[in-house]
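In what follows, a structure is listed as structure tokens, so that the remarks can point back to it.
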Amino acid sequence: MAKTQTRRVKKQVFNEKLYKYSLGTKENPGALTQFATYGLLICVAFIFLYPLLYMIATSFMSLDDLLDVSVRWIPNQLDLVNYKKAWKVLDYPTVFPQTLLITILPSLIQTFICSVVAYGFARYKFKGKGFFLAFLILTYVIPPQITMMPRYRLMSQLGLLGSLHAFLLPAVLGQGLYSALFILILMQFYKQIPGALIEAARIDGAGHFRTYFQIAVPSAVGAHIVVFLFSVVWYWNETYLTNLYLRGSSAGRSLTTLMLKLNQFTTDYEAIYPAVESQANRLNEALEMAGTILCILPLLIVYFVMQRYFVESI
């Protein structure tokens, strides 16, 4: 009986250890749990990274590699001709600074204005606060296609078409791209600031602006960086409004962005490299992928450098 009971105890202890090792506990996940978690994360990461990996692999392929069905991912040799042609078609040295100007300047202004508005909604009580907040959310809910033509007519009447001011004016007024969303994000961070900290600053003689700049803003640095980066990404990728504002008059034809150049990549390529039947100079998928990589490369670099702030803010 004693031996049987000892065996049962040992078996029970072994089962408990096996359970903890495979499934783990609340504090320490087990091997099976970690395997399932990492397996799921790898699958999700592959789904997101597959288009990028495909673009990179295809962009280095020569015409022979594209026609060779045996070449799927790894080209026989890295062909930089595609990037040289795409660089010339996009007019990268000229268009890239213009894209930075159209992207970064409105993003900086929008981040500051959204921060001030969000702080006012989060820390102050005033009449009509609920109405203005609901109206703010309404500007985000309304589809942008509905307001595009009225905005275009307004910019035309103000004489702002074809210039950078068509982007700066909405940003100054808190109506830049997705400003309502950014205000709501910053509001949540400002609400997390302890009220006692704000009161202590006021007791020490700090006014409203000093409290905002020295207490509120430093407490939400991560949120400001994330809002700025998201704003940069959306201004960078915006093509419809950019085409509407910059191409709305003859004055704006000299100002453009990389994404607009990418939209007319086929037309510009055929103008620079006219196709001749005896030459392998026709536009192909590798050239298009090279142009796309050049357009999104700055955003990828920014994300890899600043991804720590994304994680911290989340």
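The values are calculated or read from the model by the stated rules, or taken from the named source; none is laboratory data. Remember, it's a predicted structure, so these values are computed and weren't measured experimentally. For accessibility, only protein heavy atoms count, side chains too; no ligands or nucleic acids. Shrake-Rupley method; radii C 1.70, N 1.55, O 1.52, S 1.80 Å.
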Take a quick pass over the chain and tell me how many lysine pairs come in under 29 angstrom between Cα atoms, counting only ones 8 or more apart or on separate chains. 14
Helical segments meeting 27 Å axial Cα length and Kyte-Doolittle 0.5 threshold in the chain (DSSP H): 31-59, 92-123, 285-313
Quick one: pull the percent of accessible area on the chain belonging to carbon and sulfur, 1.4 Å probe, ligands and nucleic acids left out. 66
What would the Debye formula give as log10 I(q)/I(0) at q = 0.24, 0.31, 0.32 Å⁻¹ for the alpha-carbon point model of region 27-66, no solvent? -0.78, -0.94, -0.96
Connecting every pair of Cα atoms under 10 Å apart in the chain and solving the GNM, the largest mean-square fluctuation among Ile102, Ile113, Ile215 falls on Ile215
